[in-house]
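In what follows, a single structure is set out as structure tokens and then discussed.
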Amino acid sequence: AMFFRSLAGRKPFMFELRGDNGFILTIGFAGDRATVQYSNSEGLPPYWMAVADDVIDEGEFLECLAGGTPTPIPRRFSLRLEQAQEIVQDFLSHGERPNIVEWEEI
């Protein structure tokens, strides 16, 4: 999680990684947690969110800035940085939706 660790201290924000296959990962960074969405670059559905494997409280939200606006994201999509880093590395290597986590269509 070296990449995410380098972001320590920054305000929550979102950024995109674009694959050569027409798909993107939209990553939300918020301190010690991150969110990852997989979708096509045309902005058309389906949109898939990586589901955290360690979240118990469903009632909380994580906030990331999207276009300068705080965007609440359900806590079940709040990943450990290590988990998000694995998804990013897999996506950068293969360009496909990584099967190392569970995905939920939103």
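Charged side chains reduced to their Cβ positions (Lys and Arg at +1, Asp and Glu at -1) give the chain a dipole of some 460 debye around its Cα centre.
For the stretch 4-106, which GluC sites (Glu not before Pro) are in a loop by DSSP, counting at most 13 other Cβ atoms within 10 Å?
Counting only loop positions with at most 13 other Cβ atoms within 10 Å, the GluC sites (Glu not before Pro) in the stretch 4-106 are E42, E58, E60, E96.
What is the stretch 1-62 by shape, rounded, prolate or oblate, if you read a ≥ b ≥ c off the alpha carbon gyration tensor as root eigenvalues and call it rounded for a/c under 1.5, prolate for a/b larger than b/c, and oblate otherwise? Oblate.
In this view, the solvent-accessible surface of S41, computed with a 1.4 Å probe and all protein chains in place, comes to about 50 Å². Under 5 Å between amide hydrogens, which residues at least 5 positions from A52 or on another chain qualify, with H placed 1.01 Å from N in the peptide plane? The answer is F77, S78.
Annotation for E60 and I106: the two label points, set 7 Å from Cα along the Cα-Cβ direction, are 1.7 nm apart. Working note: Karplus 6.51/-1.76/1.60 with θ = phi - 60° gives the stretch 94-106 the couplings 10, x, 8, 6, x, 9, 7, 9, 7, 10, 10, 6, 10 Hz, where Gly and Pro are set to x. Considering only A66, Y38, G9, and ranking their Cα positions along the charge dipole of the chain that arises from unit charges at the beta-carbon of Lys, Arg, Asp and Glu, the one farthest toward the positive end is G9.
Please calculate how many Å² of accessible area the chain carries per residue, with a 1.4 Å probe and no DNA, RNA or ligand atoms counted.
Numbers: 6070 Å² over 106 residues.
Ligands and nucleic acids excluded, the result is 57 Å² per residue.
Shown in residue order for the stretch 20-33 are the 3J(HN,Hα) couplings computed by the Karplus curve 6.51 cos²θ - 1.76 cosθ + 1.60 at θ = phi - 60°: 6, 8, x, 10, 10, 9, 9, 10, x, 10, 8, x, 9, 9 Hz (x for Gly and Pro). Derived scalar couplings between HN and Hα for the stretch 63-69 equal 10, 10, 7, 10, x, x, 9 Hz in order, rounded to whole Hz, by the Karplus curve 6.51 cos²θ - 1.76 cosθ + 1.60 (θ = phi - 60°), x for Gly and Pro. Database remark: amide H of A66 closer than 5 angstrom to the amide H of T71 (H placed geometrically; neighbours at sequence offset of 5 or more, or on other chains; Pro and chain starts carry no H).
The values are calculated or read from the model by the stated rules, or taken from the named source; none is laboratory data. It should be emphasised that the depicted structure is a prediction, and the values quoted were computed from it without experimental measurement. Using ideal geometry, Cβ is built from the backbone for each residue, glycine included, and neighbour counts are taken over all protein chains shown. Areas reflect the complete protein model, heavy atoms only, side chains present, ligands, DNA and RNA absent. Shrake-Rupley method; radii C 1.70, N 1.55, O 1.52, S 1.80 Å.
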